[in-house]
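Report on one structure; see the data block that follows.
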Amino acid sequence: MPVVPPVDAVGSGPAPTVTAKQCRPGTLAGDLRVAISRSARRIRSERGAADLPDTQFNVLAWLHQNGPMTPGALADLQHVQPPSMTRTVNGLVELGFVTKQEHPTDGRQVVVTLTDAGTAEVRETRRRRDEWLTRRLASFTPAERATLAEAAQLLRRIAAE
């Protein structure tokens, strides 16, 4: 038996019908996996002026959020091998987005720090991504946006577990 959401408050009619089968955990898992993957891929395609690959942008984003780190810590966060992270960091140094400085207590290591240009690239990329998503959400009804707001809370719970 279908589950039919209530009519939208602005009178645009009922939202798409969702069947009981689509709400089963196994079916829903597959549908969510595909929808989240496609959405994330589309959002990631919105890039700043440097048009950085995801691996490089992710390093900038981690540094922006968490402050200076060693390449080893960045490798752990990104689930990559240290030599791969060293290449990524060196590329970002060449672009002027990060600097490497001596570690204050371990002479064998360096600390990677975001530069002003790196901060600007993170902010510009995020602005473009938010702008794209804002335009897409503007075409949704208030009820659909409310549903997505609730879904965002649930997705954060999934990610936290």
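The table below gives the values:
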{"read-out": "Some residue of region 128-147 being in contact with a Phe, Trp or Tyr (Cβ under 6 Å, 6 or more places away or on another chain) and of a type in the set (Gly, Ala, Ser)", "value": "no"}
{"read-out": "Some residue of region 116-133 being part of a helix (DSSP H, G or I), at pLDDT 95 or above and farther than 19 Å from Ala50 by Cα", "value": "yes"}
{"read-out": "Selection within region 107-154 - among the aliphatic types (A, V, I, L, M), over 26 Å from Ala73 (Cα atoms) and in contact with a helix residue (DSSP H, G or I) (Cβ under 8 Å, 6 or more places away or on another chain)", "value": "Leu133, Leu137, Leu148"}
{"read-out": "Which listed residue is touching a Ser or Thr at 6+ places or on another chain (Cβ under 8 Å) and either surrounded by 16 or more Cβ atoms within 10 Å (Cβ to Cβ) or of a type outside the set (S, T, N, Q) (or both), from Val89, Val111", "value": "Val111"}
{"read-out": "Lone qualifier among Val122, Val112, Val98 - being touching a residue at least 24 places away in the same chain (Cβ under 8 Å), among the hydrophobic types (A, V, I, L, M, F, W, C) and farther than 24 Å from Glu46 by Cα", "value": "Val112"}
{"read-out": "Selected residue (only one of Thr70, Thr55 is over 16 Å from Ser39 (Cα atoms), of a type outside the set (Gly, Ala, Ser) and surrounded by fewer than 16 Cβ atoms within 10 Å (Cβ to Cβ))", "value": "Thr55"}
{"read-out": "From the options Leu133, Leu95, residue that is surrounded by 14 or more Cβ atoms within 10 Å (Cβ to Cβ) and closer than 30 Å to Val18 by Cα", "value": "Leu133"}
{"read-out": "Restricting region 136-160 to residues that are touching a residue at least 40 places away in the same chain (Cβ under 8 Å) and either over 25 Å from Leu60 (Cα atoms) or touching a strand residue (DSSP E or B) at 6+ places or on another chain (Cβ under 6 Å) (or both), the residue that is surrounded by the fewest Cβ atoms within 10 Å (Cβ to Cβ)", "value": "Pro142"}
{"read-out": "Residue tally, condition under 16 Å from the mean Cα position of the chain (by Cα) and hydroxyl-bearing (Ser, Thr, Tyr), over region 117-161", "value": "2"}
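The values are calculated or read from the model by the stated rules, or taken from the named source; none is laboratory data. Nothing here was measured: the structure is a model prediction, and the numbers come from that model. As a convention, Cβ positions derive from the backbone with ideal geometry for all residues, glycine included, and neighbour counts pool all protein chains shown.
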